[in-house]
1. Before we move on, is R33 under 16 Å from V156 (Cα atoms) and not hydroxyl-bearing (S, T, Y)?
2. Name the strands (runs of 3 or more DSSP E) wholly inside the range 161-269 in which the number of residues that are of a type in the set (V, I, T) and open to solvent by 60 Å² or more (accessible area, probe 1.4 Å) is 1 or more.
3. For residues that are assigned to a helix (DSSP H, G or I) and open to solvent by 30 Å² or more (accessible area, probe 1.4 Å), tally how many sit in the range 101-124.
4. Any chance the range 125-133 includes a residue that's in a helix (DSSP H, G or I), in contact with a Ser or Thr (Cβ under 9 Å, 6 or more places away or on another chain) and either at pLDDT 95 or above or open to solvent by less than 60 Å² (accessible area, probe 1.4 Å) (or both)?
5. Being over 23 Å from the mean Cα position of the chain (by Cα) and of a type in the set (D, E, K, R) is the filter here; which residues of the range 211-261 pass it?
6. Output the number of the condition that R58 fails; it satisfies all remaining conditions of (1) touching a residue at least 40 places away in the same chain (Cβ under 8 Å); (2) charged (D, E, K, R); (3) under 25 Å from G115 (Cα atoms).
7. For residues that are open to solvent by 40 Å² or more (accessible area, probe 1.4 Å) and assigned to a helix (DSSP H, G or I), tally how many sit in the range 142-160.
Amino acid sequence: MRAARAALPSPVGFAPTMGALHDGHASLVRRARNECASVVASVFVNPTQFSPNEDFGRYPRDEAADLAMLESLGVDFAFVPSVEEMYLPGATTFVDVGPLGDVLEGAARPGHFRGVATVVAMLFSLVQPDRAYFGQKDGQQSVVIRRMTRDLALPVEIVVCETVREADGLALSSRNRYLTSDERAQAPALHRALQAAATALADGERSADKLRSVMLDALAHAPLGTPDYVSIADAETLEEMSFVDRPALASLAVKFPSARLIDCQPLDP
């Protein structure tokens with residue numbers, strides 16, 4: 001990977017993925033292609049960000065289709081390492097981002113962000129990109145990676161790209177393919193809940209508790225889903241807010257019988 005990187009003209013844009021690529025991933029690559037002289041994409045389903053009871057084993061994998069998409073998008077180099085290459089025998093070093101990784105998704109999935117931060121730091125070391133591209137849907141992940149990059153003085157610009165959605169508002173996700181037809185019909189309630197909070201904020205509501213209630217009311221229209229959390233948090237610290245008087249992140253997670261979905265939306269009063 002380093003030898004290939006040395007031959008690539010700078011700036012190098014990097015899109016790290018777990019494969020099962022869709023138009024959301026494609027949007028990251030297209031933006032990198034527009035802004036950078038060279039583009040690298042990785043495909044690696046990272047085991048350390050999955051809990052033992054999660055879907056690592058069944059996470060969708062289609063390497064041939066992923067590589068075909070990346071080639072069609074003009075990616076210069078696809079990095080597809082094995083687990084054994086990334087995690088050497090006896091590896092004991094991890095990146096822990098502290099409280100940012102312990103709330104929201106971190107509380108629901110203990111250790112998740114330790115795995116995310118570690119693998120992204122490793123990928124940055126291997127690929128040595130000038131810019132790295134991530135989707136807004138995974139809003140907490142973007143906050144965590146920005147903080148890690150700052151705290152470790154990594155020379156990488158983090159670019160967060162707008163969430164790509166289906167026509168009915170559902171954020172594109174590799175896990176959407178798990179949904180039954182009935183679950184899929186109700187899943188756009190996540191986006192509607194975020195939109196309801198943004199509308200209430202625009203209409204003057206500043207109480208974070210009332211915005212959370214607005215989100216829960218919208219999620220009630222998806223009875224197959226059980227809300228895991230709804231959050232109105234500070235956009236940088238991810239601390240829950242009582243009053244929205246600075247940039248915030250509205251986020252939520254909903255468990256359907258077949259899949260757990262997340263979504264988020266920045267809020268700016």
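The values are calculated or read from the model by the stated rules, or taken from the named source; none is laboratory data. Keep in mind the model is a prediction, meaning the values are calculated, not measured. No Cβ is skipped: glycine too gets one built from the backbone with ideal geometry, and neighbour counts run over all protein chains shown. Areas reflect the complete protein model, heavy atoms only, side chains present, ligands, DNA and RNA absent. Shrake-Rupley method; radii C 1.70, N 1.55, O 1.52, S 1.80 Å.
1. Details: under 16 Å from V156 (Cα atoms): no; not hydroxyl-bearing (S, T, Y): yes.
No: the conditions fail for R33.
2. Values: elements: 226-234, 248-255, 260-267.
Because the criterion is at least 1 residues that are of a type in the set (V, I, T) and open to solvent by 60 Å² or more (accessible area, probe 1.4 Å), the strands (runs of 3 or more DSSP E) in the range 161-269 that meet it are 226-234.
3. Residues of the range 101-124 assigned to a helix (DSSP H, G or I): 101, 105-108, 112-124.
Restricting the remaining residues to those that are open to solvent by 30 Å² or more (accessible area, probe 1.4 Å) gives 107-108, 114, 122.
Of the residues in that region, 4 qualify.
4. Of the residues in the range 125-133, the ones in a helix (DSSP H, G or I) are 125-127.
Of the ones still in play, those that are also in contact with a Ser or Thr (Cβ under 9 Å, 6 or more places away or on another chain) are 126-127.
Imposing the further condition that a residue be either at pLDDT 95 or above or open to solvent by less than 60 Å² (accessible area, probe 1.4 Å) (or both) reduces the set to 126-127.
Among the residues of the range 125-133, at least one is in a helix (DSSP H, G or I), in contact with a Ser or Thr (Cβ under 9 Å, 6 or more places away or on another chain) and either at pLDDT 95 or above or open to solvent by less than 60 Å² (accessible area, probe 1.4 Å) (or both), which makes the answer yes.
5. Once the filter is applied, which keeps residues that are over 23 Å from the mean Cα position of the chain (by Cα) and of a type in the set (D, E, K, R), the range 211-261 yields D217, D245.
6. (1)
7. Narrowing the range 142-160 to residues open to solvent by 40 Å² or more (accessible area, probe 1.4 Å): 146-147, 150-155, 157.
From the residues that got through so far, the ones that are assigned to a helix (DSSP H, G or I) too are 146-147, 150-151.
Adding up the residues that qualify gives 4.
Results for (1) touching a helix residue (DSSP H, G or I) at 6+ places or on another chain (Cβ under 8 Å); (2) polar (S, T, N, Q); (3) modelled with pLDDT of 95 or more, shown as yes or no for each residue.
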site: S38; (1), (2), (3): no, yes, yes
site: S42; (1), (2), (3): yes, yes, yes
site: N46; (1), (2), (3): yes, yes, yes
site: E85; (1), (2), (3): no, no, yes
